[in-house]
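Working notes, structure below.
The values are calculated or read from the model by the stated rules, or taken from the named source; none is laboratory data. Owing to the predicted nature of the structure, the values given are computational and were not obtained by experimental measurement. When we count neighbours, we look across all protein chains shown, and the Cβ atoms used for this are built from the backbone with ideal geometry, even at glycine. The area values use the complete protein model at the heavy-atom level, side chains included, leaving out ligands, DNA and RNA. Shrake-Rupley method; radii C 1.70, N 1.55, O 1.52, S 1.80 Å.
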Amino acid sequence: MTKAYIALGSNLGDARGHVLGAFDALAHLPGTRLDARSHLYLTPPWGVLEQPPFINAAACIDTVLPPHALLDALLVIERAAGRVRDGERWGPRTLDLDILHMEGVAMEDDHLTLPHPRIRDRAFVLMPLNDLAPDLELPGQGRVAALLAALDTTGLERLP
């Protein structure tokens with residue numbers, strides 16, 4: 001089993017429901033166990049600013065799936081939640097799932113880079129990841145808690 005960290009986000013429709021449903025879907029992936037989930041956070045949009053705020057979270061899973069198979073499974077979960085990938089980056093979406101890090105895996109190809117190359121710039125990713133693994137060392141980026149401490153977290157709100 002390999003420990004993997006997944007970012008979850010939604011800002012269309014029942015955003016909270018999409019994220020909570022994704023936690024459940026992650027727990028039911030073949031050869032996978034949901035180890036922990038973060039709090040939910042209400043976060044301002046990033047990239048394209050003219051869109052609704054997001055609900056963001058993170059999950060820690062233990063899985064036998066290799067990186068590309070896990071990515072394929074995440075894309076299936078997104079599609080089941082109504083996600084349409086139309087080429088627009090950072091726009092509104094029913095569900096977005098990203099592999100942030102897989103223990104012992106460093107890779108870069110046309111489809112997947114691990115660890116995720118932009119974690120260090122995104123408070124909306126680091127805040128929930130910090131709930132799960134503040135001492136996690138992301139190769140080439142640093143420790144989660146230290147990366148988060150260096151960012152502005154204005155506008156990020158932990159939800160009940």
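Would you point out which residue out of 62, 24 is outside any loop (DSSP other than H, G, I, E, B) and under 15 Å from residue 100 (Cα atoms)?
Exactly one residue qualifies, and that residue is 62.
Kindly provide the set of residues from region 80-115 that are under 24 Å from residue 136 (Cβ atoms) and of a type outside the set (A, V, I, L, M, F, W, C), ordered by number.
96, 98, 101, 103, 104, 108, 109, 111, 113, 115
Do you know which residues across region 128-149 are open to solvent by 40 Å² or more (accessible area, probe 1.4 Å), in contact (Cβ under 8 Å) with a residue 12 or more places away in the chain and either aliphatic (A, V, I, L, M) or closer than 19 Å to residue 67 by Cα (or both)?
132, 139, 140
Could you go through region 111-127 and let me know if any residue there is open to solvent by 20 Å² or more (accessible area, probe 1.4 Å) and over 15 Å from the mean Cα position of the chain (by Cα).
The answer is yes; a qualifying residue exists.
Is it the case, given these coordinates, that residue 7 is out of contact with any helix residue (DSSP H, G or I) (no Cβ under 8 Å at 6 or more places or on another chain), of a type in the set (Gly, Ala, Ser), outside any loop (DSSP other than H, G, I, E, B) and open to solvent by less than 50 Å² (accessible area, probe 1.4 Å)?
Judged against the criteria, residue 7 is not a match.
From 156, 100, which residue is surrounded by 12 or more Cβ atoms within 10 Å (Cβ to Cβ) and under 28 Å from residue 28 (Cβ atoms)?
Just a single option satisfies the conditions, and that option is 100.
Checking residue 92 against (1) under 14 Å from the mean Cα position of the chain (by Cα); (2) open to solvent by 20 Å² or more (accessible area, probe 1.4 Å), only one condition comes out false. Which one?
For residue 92, the failing item is (1).
I need the full set of residues from region 56-89 which are open to solvent by less than 50 Å² (accessible area, probe 1.4 Å), within 26 Å of residue 2 (Cα to Cα) and of a type in the set (D, E, K, R), in order please.
62, 78
Give region 33-55 a look and list any residue that's over 18 Å from residue 94 (Cβ atoms) and open to solvent by 20 Å² or more (accessible area, probe 1.4 Å), or say none.
33, 34, 35, 36, 37, 39, 44, 49
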